[in-house]
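Heads up: the structure comes next, in structure tokens.
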Amino acid sequence: MTWSISGTDADAFTIDLATGVLVFRARTDYEAPVDGDGNNVYVITVSARDADGNVTRQTLTVTIADLDDNGGISFAPAGSADNDLEAGETEGETAVLPLQLTSRPTADVIITIADDAQCSFSPSTITISPADWDRLVNVTVSAKDDSAIEDSQSCTPVLTVRSADPAYDGLIVTDVPTITIVDNDAAPMIQGPSDGPGAARSEETIPSGQDFVHKFTVPNGINGRWLLPAVSGSTDRPAFVIDAETGVLAFRNPPLYIPNGDNEYYVVVRFDAGDGNYTDQLVKIIVTDTAKQALDRNRGDIEQIISDLEVSRLRDQQRSLHAMGTAARDRLADCATEDRDEALPVEDEDQPRCNVDRNDVSRSVTTVGNTVTAESATTSVRHFEGYRKVVEADVRASGEGGIDTLSFNGRIALENTSHENALYGMFAGANFMGGTISRGLSGDSRSFTVNFGGYAVNELRKDLYSTAYLSFGVGQNMLDLSTTDFTVAADYGTRELHAGWSLAGLIERGDWEIWPELNIQVSRSWTSSIDVTGSIPGDSATQTWKGLATGLARAELLTDFRRDISLGAGAPWEFNVQPGLVCESIDAVKDSSGCGYKLALGLDHMSVDESRRFSLGFETEEVDDVRRNSGSITYEVKF
């Protein structure tokens, strides 16, 4: 089949010979018709010839319609593009907005689309020529993603049109579609140390001395930074610092547990996502004690208690050793007395009084301040060829309204009696003591000590005696202390050295016996390393502390005035008064030294057969502004 056209207006068209497609040779313009009679009505004849030469003809009339001569821009009909956006579901969420001109311009049309706060447009500048004026242009609309929490937003493209064609230049475009944007932002949800994401409050507990508190996070994946705002409730804000990027909250300086304090801190942590979108969380931090911190905090008090116990033990040992030396001096004095045989019972005439075997038992009660001490002591003396054996033992209990301290002392001594004006002895002893401690830390202590040594008494001339002793001891000590929520156990060994010397003599003046006496005693103890274990609820710690050295030096210059007085029938009473000067130096955790006075008053009664003795005593001493007052009652039986 072959196609052809003819007629008056045939020159305005062209037809495909094979397919029969008919088109205008040029774009038609209603205002410039090219048909034969100029009325925009084109008439042609279309012919079709087959292979056999058969021809069929048809007359065709084409009418050109008039278009709007005013410029205009139209947008795609509803449904032809997605103008409903959900911003930020995927960053850069986009939609396509098709547009085209409504009429042929006489010159290029330049369309500019400006971005707004919610959307951006691409391309932002579009150029359309008269040749392709009816081209459909797709504009990509991108919804801007932000972090602000807001209701659904919208944007409307604002078009600016420029052209040399007056119909388009400055064209005001109306009926521009509105693009709806659905907000995808939510308030940050802070994950604190407790109570889950989004909680308004959280709480953390940290041990004393730790600066790290918690690493805060935002589980819902919002970007932002961490702050510590100065807002109500953030009372301890200056004590903290937070990393803006990582959310790590820490103390500026590691906090220490304060006994009897609240140990609670409050700070507000904020996550700021920008654009006014933030969330606050009030955090409570509780600082708890640790066993190590408790040990460190109480170390001074514990060492002071140990030091005081050592001073007290050295003082007691000095008294005991001085009493031992005084008793040995009295035994030598008895043997040196010229008229010693006059007081012997008839059956003992062949045995000197100084060599009489005997057992002495005494009971005494002593008060020092509010503390009452009850003591029971036994002394056994046995004589052998050239030496004697002296065994001493005593039990003491003391306290205020009950037994606070209980001690046992035992000592055995062997004395060389072969010298007329001298006595030499060696001894070994043991001491056990247990007592209670009532201070800020209260509890009990236990100690066991063994000691060895020797002593010598010499009669320098008639009624003038020199006494000296030297003792070495070792011991083991245990200490258990506690407060409301802290307990401590200490274990340590001790070594001790004691040395003493005294010079005493008798001066007789009428009815008075005067015994001047100079005593000098020096004691020193050394503790081993102190093993200490401290415990609080849920925690314990063990430390080894450096040992302590303790020294006690004491010098006394005393004068004992004695006189018999008669208080009726029977044996007389002996009255004695002993004034003196005392100097003492303590080398311990708390050093002290000074001099003072001592005054002792006594009243003794011995039965006629010298088998029983009753004594009343009072003593006061003040050294370095520390006064000690004591009173005693003693009953002694000899058999």
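Mind checking which residues of region 543-564 are under 21 Å from LYS598 (Cα atoms) and among the β-branched types (Val, Ile, Thr)?
From region 543-564, those under 21 Å from LYS598 (Cα atoms) are 552-563; that's our starting set.
Once the filter is applied, which keeps residues that are under 21 Å from LYS598 (Cα atoms) and among the β-branched types (Val, Ile, Thr), region 543-564 yields only THR559.
In region 539-575, how many are open to solvent by less than 60 Å² (accessible area, probe 1.4 Å), more than 28 Å from LEU503 (Cβ to Cβ) and of a type in the set (Gly, Ala, Ser)?
Number satisfying all stated conditions: 5.
Residue-wise test of (1) within 50 Å of the chain's Cα centre (by Cα); (2) over 20 Å from LEU332 (Cα atoms); (3) among the aromatic types (Phe, Trp, Tyr).
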| position | (1), (2), (3) |
| --- | --- |
| GLU375 | yes, yes, no |
| VAL391 | no, no, no |
| ASP394 | yes, yes, no |
| ILE412 | no, no, no |
| ASN416 | no, no, no |
| ARG439 | yes, yes, no |
| SER445 | yes, yes, no |
| PHE448 | yes, yes, yes |
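List the pairs whose first member sits in region 589-610 and is open to solvent by 50 Å² or more (accessible area, probe 1.4 Å), whose second member is basic (Lys, Arg), and whose Cβ atoms are under 6 Å apart, counting only residues at least 6 apart or on separate chains?
Correct list of pairs: empty, since none qualify.
So for region 499-518 (the condition being farther than 25 Å from PRO579 by Cβ, in contact with a helix residue (DSSP H, G or I) (Cβ under 7 Å, 6 or more places away or on another chain) and of a type in the set (A, V, I, L, M)), does at least one residue qualify?
no
Please note which strands (runs of 3 or more DSSP E) are completely contained in region 351-416 and include at least 3 residues that are within 25 Å of GLY473 (Cα to Cα).
Where strands (runs of 3 or more DSSP E) fall fully within region 351-416 and carry at least 3 residues being within 25 Å of GLY473 (Cα to Cα), they are 371-384, 387-399, 405-416.
From the list ASN260, ASN253, pick out the single residue that is part of a loop (DSSP other than H, G, I, E, B), within 19 Å of the chain's Cα centre (by Cα), surrounded by fewer than 18 Cβ atoms within 10 Å (Cβ to Cβ) and modelled with pLDDT of 95 or more. Spell out the reasoning first.
Values: ASN260 fails: modelled with pLDDT of 95 or more.
Selected residue: ASN253, the only one of ASN260, ASN253 that is part of a loop (DSSP other than H, G, I, E, B), within 19 Å of the chain's Cα centre (by Cα), surrounded by fewer than 18 Cβ atoms within 10 Å (Cβ to Cβ) and modelled with pLDDT of 95 or more.
For region 86-130, how many residues are modelled with pLDDT of 90 or more, of a type in the set (Gly, Ala, Ser), more than 11 Å from PRO157 (Cβ to Cβ) and not in a strand (DSSP E or B)?
2
Check ASP195 against each of (1) in contact (Cβ under 8 Å) with a residue 24 or more places away in the chain; (2) in contact with an Asp or Glu (Cβ under 9 Å, 6 or more places away or on another chain); (3) charged (D, E, K, R); (4) loosely packed, with under 15 Cβ neighbours inside 10 Å and name the one condition it does not meet.
Condition (1) is where ASP195 drops out.
List the number of the failed condition for ASN220; all other conditions in (1) open to solvent by less than 30 Å² (accessible area, probe 1.4 Å); (2) touching a residue at least 24 places away in the same chain (Cβ under 8 Å); (3) not in a strand (DSSP E or B) hold.
Checking ASN220 against (1) open to solvent by less than 30 Å² (accessible area, probe 1.4 Å); (2) touching a residue at least 24 places away in the same chain (Cβ under 8 Å); (3) not in a strand (DSSP E or B), the one that fails is (1).
Can you pull out the residues in region 544-556 that are of a type in the set (Gly, Ala, Ser) and assigned to a strand (DSSP E or B)?
Those that are of a type in the set (Gly, Ala, Ser) and assigned to a strand (DSSP E or B): ALA549, GLY551, ALA553, ALA555.
Could you please find all residues in region 464-521 being under 30 Å from THR288 (Cα atoms), among the polar types (S, T, N, Q) and open to solvent by less than 60 Å² (accessible area, probe 1.4 Å)? Don't jump to the end; show me each part of the working.
Quick first cut of region 464-521, residues under 30 Å from THR288 (Cα atoms) only: 478-492.
Still in the list and also among the polar types (S, T, N, Q): 482-484, 487.
Across region 464-521, the qualifying residues are SER482, THR483.
Quick check, is PRO188 open to solvent by less than 60 Å² (accessible area, probe 1.4 Å), touching a residue at least 24 places away in the same chain (Cβ under 8 Å) and either outside any strand (DSSP E or B) or not small (Gly, Ala, Ser) (or both)?
yes
Kindly check whether there is at least one residue in region 557-577 that is touching a residue at least 24 places away in the same chain (Cβ under 8 Å), under 29 Å from ASP491 (Cβ atoms) and assigned to a loop (DSSP other than H, G, I, E, B).
No: zero hits.
The values are calculated or read from the model by the stated rules, or taken from the named source; none is laboratory data. All figures in this text were calculated on a predicted structure; none of them were measured in a lab. When we count neighbours, we look across all protein chains shown, and the Cβ atoms used for this are built from the backbone with ideal geometry, even at glycine. With ligands, DNA and RNA removed, areas are computed over all heavy atoms of the protein, side chains included. Shrake-Rupley method; radii C 1.70, N 1.55, O 1.52, S 1.80 Å.
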